[in-house]
1. Is there a residue being over 22 Å from the mean Cα position of the chain (by Cα), touching a residue at least 40 places away in the same chain (Cβ under 8 Å) and within 18 Å of V9 (Cβ to Cβ) anywhere in the stretch 121-135?
2. Do the conditions hold for V154, that is, is it modelled with pLDDT under 95 and among the β-branched types (V, I, T)?
3. Counting only residues that are β-branched (V, I, T), give me the helices (runs of 4 or more DSSP H) lying completely in the stretch 143-232 with at least 2 of them.
4. In the stretch 118-139, which residues are closer than 24 Å to E31 by Cβ and surrounded by fewer than 18 Cβ atoms within 10 Å (Cβ to Cβ)?
5. Given the criterion among the charged types (D, E, K, R) and buried (at least 19 other Cβ atoms within 10 Å of the Cβ), identify the matching residue among D199, D142, D153.
6. When the stretch 303-317 is examined, which residues are found to be over 19 Å from A234 (Cα atoms) and loosely packed, with under 14 Cβ neighbours inside 10 Å?
7. Return the residue satisfying two criteria in turn: it lies in the stretch 333-388 and is among the small types (G, A, S), in contact (Cβ under 8 Å) with a residue 40 or more places away in the chain and within 28 Å of I84 (Cβ to Cβ), and of such residues it is surrounded by the fewest Cβ atoms within 10 Å (Cβ to Cβ).
8. I need a count of the residues in the stretch 156-177 that are under 16 Å from the mean Cα position of the chain (by Cα), surrounded by fewer than 18 Cβ atoms within 10 Å (Cβ to Cβ) and of a type outside the set (A, V, I, L, M, F, W, C).
Amino acid sequence: MKILENVRVLDLTNVLSGPFCTLHLALMGAEVIKIEVPGNGDLARKLGNTPSLNQQLMGTSFLAQNANKKSLTLNLKTEEGKEIFRKLLKTADVVVENFRPGVMKRLGFSWEEMSKINPQLVYCAISGFGQTGPDAFKPAYDQIIQGLSGEMDVNGDERLHPLRAGFPVCDTVGGLNAAFAVMAALYHKEKTGEGQAIDIALLDSIMPLMGWVAANLLIGGKSPIPMGNDNFTAAPSGVFKTKDGFINIAANKQEQWEALVDIIELPELKTDPRFQERDTRKANRKELTPILEEKLAKNITEFWVDAFNAKGIPSGDILNLEKALSSEQIKHRETITSINEKEIGDLKLFNLSAKFSKTPGSIDSPPPRLSANTDEILGQLGYSVDELNSLKENKVI
């Protein structure tokens, strides 16, 4: 059994934030029906670094977040397409979309109209700025939200600032926030029988992740200072050079600091007034770092990681992505799993990262080819073979 078994999701989303939301629902067992534009489908089908896959409408960007889903093509601008969608709404538990505000209403499927068709429906709208407010109708991509949220302002250092995160953090966090909200709304529906609408903004979603940094300004009255790879909460806490590369060290507690200077054979730093207390160490980190790195340069990263961790000082290597994805811990946790796609072969995809003891998630089917499930799903709604052929001729499906 999976936790969302027998939950049907109509997925009208494209590219990243919405598909990332519905991926998590699909990994937890929901039947996610991806409703795509006939002919082209989700734009992500053409995105990725492998042209041959893009030409097959199976780009790596699409493959990354559409496992366990079904694909149905449907032209919602036609009356026949609208009628099919109305029938699907009656069978659905959840609708997720990430159009700009107002698009669903123009298609004839505002929240009010959908809830009349299915009063128990959970409807989740994901957008850059939310459904209301002075910026609601502005276009938004991940990097735009990174800039407007202040997220780029807290990255980088005096040499490179502002600085974007190296992956679309706002889109993915927005998708996670939406999946969390849908789960909560399904719980409410289970208790009360009531559906409801959910308004998710990428801008809203990313800002609470900066809670500590923002609190220093909102409560402490101090703006963030770009510190690059240093951690503003403590020192030494950040990235340091070793004999063969770099190491992350997070000696955030006083006892960790004292253990660290013993290991690197600089016990006199414990009583040095520049470094004795946490706040003075933070203020004097530019003096402290070269002193530590002079010692760290005498041995390799692996040596220091083992030595520090043995004494309870959090530390670790800084892996390139390939090594990170193939680490023994990741293999043990089954964070990445393989699923076969009949034409592409084995695909390595991220599994559900939450480990449920009773209802574990899993990847059971590869990302679908465009329209792979149209006949199956419409057949369930009672459409005959002749009717399906007519809909195809009229480019409804």
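1. Yes, the stretch 121-135 contains at least one residue that is over 22 Å from the mean Cα position of the chain (by Cα), touching a residue at least 40 places away in the same chain (Cβ under 8 Å) and within 18 Å of V9 (Cβ to Cβ).
2. Values: modelled with pLDDT under 95: yes; among the β-branched types (V, I, T): yes.
The answer is yes for V154.
3. Working: elements: 169-192, 202-206, 211-218.
In the stretch 143-232, the matching helices (runs of 4 or more DSSP H) lie at 169-192.
4. Correct list: P119, Q120.
5. Values: D199 fails: buried (at least 19 other Cβ atoms within 10 Å of the Cβ); D153 fails: buried (at least 19 other Cβ atoms within 10 Å of the Cβ).
Of the residues listed, the single one that is among the charged types (D, E, K, R) and buried (at least 19 other Cβ atoms within 10 Å of the Cβ) is D142.
6. D306, A310
7. S365
8. The total comes to 2.
The values are calculated or read from the model by the stated rules, or taken from the named source; none is laboratory data. In this text the structure is predicted, and so the values were computed from the model without any measurement. Positions of Cβ are generated from backbone atoms using ideal geometry, with glycine treated the same way; all protein chains shown enter the neighbour counts.
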